1. For segment B:244-267, indicate whether the set of residues that are closer than 28 Å to residue A:177 by Cα, among the aliphatic types (A, V, I, L, M) and in contact with a Leu (Cβ under 7 Å, 6 or more places away or on another chain) is non-empty.
2. So, of the residues in segment A:292-317 that are of a type in the set (Val, Ile, Thr) and either surrounded by 24 or more Cβ atoms within 10 Å (Cβ to Cβ) or more than 10 Å from chain B (Cβ to nearest Cβ) (or both), which turns out to be farthest from residue A:160 (Cα to Cα)?
3. Of the conditions (1) farther than 26 Å from residue A:159 by Cβ; (2) buried (at least 24 other Cβ atoms within 10 Å of the Cβ); (3) touching a residue at least 60 places away in the same chain (Cβ under 8 Å); (4) among the hydrophobic types (A, V, I, L, M, F, W, C), residue A:275 clears all except one; give me its number.
4. Quickly run through segment B:135-161 and pick out the residues that are in a loop (DSSP other than H, G, I, E, B), modelled with pLDDT under 90 and exposed (fewer than 10 other Cβ atoms within 10 Å of the Cβ).
5. Give the number of residues within segment C:207-248 that are touching an Asp or Glu at 6+ places or on another chain (Cβ under 8 Å) and outside any helix (DSSP H, G or I).
6. Take the residues in segment A:417-447 that are in a helix (DSSP H, G or I) and of a type in the set (Val, Ile, Thr), then tell me which one is nearest to residue A:363 (Cα to Cα).
7. Given the condition assigned to a loop (DSSP other than H, G, I, E, B) and modelled with pLDDT under 90, answer yes or no: does some residue in segment B:108-131 qualify?
8. Across segment B:181-228, what is the number of residues that are on the phi > 0 side of the Ramachandran plot and among the charged types (D, E, K, R)?
Amino acid sequence: MIFPRVGRFLDDRTGSASLATRAFRYVFPDHWTFLFGEIALYCFLILVGTGVYLTLFFEPSTAQTIYHGSYAPLQGQEVSEAYQSAVNISLDVKAGLLIRQTHHWAALVFVAAIVVHMLRIFFTGAFRRPRDLNWMVGLSLALTALIEGFAGYSLPDDLLSGMGLAIGYSVLASFPIIGGWLAVLVWGGEFPGGEEFISRLYAAHIFILPLLIFGLIGFHLFLVVKHRHTQFAGPGRQERNVIGSPLFPGYMIRSGGLFFATAGVLLLMGGLIQINPIWQYGVYQPWLGTNGAQPDYYFGWLIGALRMMPNWELVIGGWTIIPNPFFGGILYPMIVFSVLFAWPVLERRFSGDRAPHHLVQRPRDAPFRTGIGTAMLLQVTMVQIAGSADRIYVSFGVSYELQIWFWRIAAVVVPIAGFFIARAICRRLLRSEAHPLRRWTGERVERTKAGDFEAAGKGPGPPPP
Amino acid sequence: MTDPRPPEEERRSRDRAELATAAFLLVAALAGVAAIVVYIVTDDTQALGISLGLAFLAVAGAMIVAGLRLYPAQKVVEERPPAADPPAEAAVEQEVGEAVGGLSRRKLLFGAAGAAGAAIGGALIVPLGSLGPFELGGPDPDDLPWKDGVRLVDDQGALIPADLLQQGAFIPAFPEGADKRELASPVMVLRLPEGDDQLDPEQAAIAPRGILAFSRICTHAGCAIALYRNPLFPPQAPSPALVCPCHYSTFDVRQGGKVIFGPAGRDLPQLPLKIDDQGILTAAGPLSGKPGPSYLTVRKT
Amino acid sequence: MRRLLILAAAIGACLVPAAALGQAAPDPAVVATGEEVMQVQAGRTLFLEGCASCHGQNAEGTERAPDLHGAGAQSADFYLRTGRMPLAVPGEQPLRNPPEYSEDEIQALVAYVGSLGGPPIPTVDPAAGNLSEGERLFTLFCAGCHGKLAKGGVVTGALAPSLDAATPVQVAQAIRIGPFVMPPFDDKLIDQEEMNSIVAYVEKTKHADNRGGWDMGGIGPVPEGMAAFFIGLVALLVISRLIGERGS
């Protein structure tokens, strides 16, 4: 009884009923891999929700104070207000630790979901025209998410993230010629920066970057709706149509289920698995350091690159044109992201295919692309593992110096091998039409001269002439 | 795709699904209530996480069951409306063309608009310069805290007598009276291990009794160099060195802080030391180079 | 005359043991009871069997191993009890291992090396230490190699081990000795009070406040990243596969 009245009330004042009917009928293909982007979106919503709660307690100030909370090993020590407020949220605010840990887990899973979503788009060719613009919007989202995460975990001013900020400052300062100015500008002075640095970081993390992400997501989703979602080839599916479930009621309910599942998984992790125990790390001071300091995993590839680089600096006439951190900290990710951004254009050049596509491919249908994608993924993975070479030494006894050489070679050799292997597998799968993981389960038939078929044995047989 | 089932079985299946959905929702309700109780009664992060997490997962279960059984996926076919609209594109082109076509001094107007845009854009960006000091990436050398005669203190502010350090030991130190947080302030004071006499005369002059001091901030990426590698038995262990825990840049303390491993592109600045009449460790001059990570003018004196 | 001879014999009889004592105990601080002397002798026998090949017949050192005069019971106890010695390959880093020797053998070897002079086994009282002071000192002097949470770390060319298995006495011994490439800290730099505090902090790291849940080894963002991918994301991928369709 209530619902039709509410509906009429709204339509009379906002004209929403016609929008509602169009939205209800919007068709979504149902393939499970099309849900990855939603996982990322829901992680972002949970980040905002938990984040708002945290802003009610966090104090973004570098003013020094004496710790008088409940954690004995910090008792009486000089810490920043920011650090103390973050420790208080964790140890002295009810539900504070759950919300803080859920927030951090959501950030890590957000990036993981973006990566998996991006891989799906890449390996199925969903970035092709007219979605090449949206591909770049998505990459911008990925980049912004990385910076936002770094800003977020650097706010508590703990020993680990403070060391990360020092490295961030140095990487920025390593930008050729203007880097020093830039770093001092952003930090408000030479590292550790002016008093206003942490509140500047806070403004970026709770407002400027989320606003940017909101805007990009809005544009990203607008483009998806405008073109309708892509679909795999199959019975009845053509470039000019889209087959799937209408948004209302089924798809909406299933999607809603995914949202609640994301929230549930993140809350369970937030309660059961400890993450970033800042009270154990202690406050950051520029003269303090700890062994085994690592950034959050999505920057593992950068710490790997920084550690693997030989100690070159370009010095001309006493001017340090290119300091060392530039190579691993800026040039390397710039190359990776540039290739990714340019890929739709590059692929159009290589393949000569300039037509719009709404049907996506299986990875095997584009052996070259799959090979390149595999190579890039393996390359970044080798560098990422190199970033943990010290933990590998501690846990498994393999010498650190030896590993640096090993990973340097692996970062070149493994991707090249991966390209050829992946491309070969694609070509073989195209011939056999087998499932990539299961054995080929068909039966071969041959057509006789009379025109009928006879069984010709198991196995896919020789390739057609 | 399954074949359509007999109506009776279909109805029973839907009924089961509706009951399952309701059951999930009830579990969610219970878990939600449990979360409220847990919050009020305890401060247990695990209990709160489990109850809230299960509540959300139960709602997810309800929606997934409903979404798969009661409103399952369909195969509705819709024509894909093309985004591009060539007639509209032509119309827009024509209207814009007419609006612009009426102008006779097009080049002048567009050029002037471009100049105005660039200048005003620049003017709006320039206040960002107030974010930080416009130095050449580093402080004025006269402002640096280390000079001849400045005494060394530990992190609690106490002076450091030279005989505090046995051979092989180290202590982090700062300039007396200076801001500890300034990048140039922290130094690593170390004493070379027993029997070590491999310093050349120039080196030995600034290392009284084999006590050396170097900047504690790594020249690679600014981390604190918190490791002193000191061999107990020099014939069978690596040489004395300062090591940074971030990317393992290693600096040879007997060669003036020369980089012997790792990515640091610049040697570690050394602080020359002397011992005053009261036996207190004192700086005998400024650091031998600018401390911290590299930038354009870092090697310029 | 006979009384004089008996007196001389009596005095002579007293002098002989005194002379013998004077030769067997060059360090006047060592009180040589009969038992202790036997222990030192037993230790010397074991030393000749298992240690002299590198440390020299009289523990004077060779190019393979240092002179043990002045190392004291402090070092011997540390190295033997943590199984760092005997070292199979000279030049390799001595690392913690199950001890080669039995309790009695260790005590004998410690007695022998101790008889060559050097510091005794240190005493330490974590309960008398200040946890917060210990945290500050550990961060300043130790965390660079061993990690803030004492889970171990890397120095170029060596391993700084986890302190999980180290007893309070062993922590104190290592601080004073400076094994392999660890710097030594005597009581001018770290006095008994500070030592107690550092040990109190190390003990705390073995029972860390992990109220956030499973600590995954306490080594930071690397396992956290793996949990995000292989637990969180995988769970959601499985749920996606449940919700969505497979194949065409």
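The values are calculated or read from the model by the stated rules, or taken from the named source; none is laboratory data. Bear in mind the structure is a predicted one, so any value in this text is a computation, not a measurement. Glycine also receives a Cβ, built like all others from the backbone with ideal geometry; neighbour counts cover every protein chain displayed.
1. No: segment B:244-267 contains no residue that is closer than 28 Å to residue A:177 by Cα, among the aliphatic types (A, V, I, L, M) and in contact with a Leu (Cβ under 7 Å, 6 or more places away or on another chain).
2. A:316
3. Looking at each condition in turn, residue A:275 falls short on (1).
4. B:140
5. Qualifying residue count, segment C:207-248: 3.
6. It comes out as A:425.
7. No, every residue in segment B:108-131 fails to be assigned to a loop (DSSP other than H, G, I, E, B) and modelled with pLDDT under 90.
8. 1
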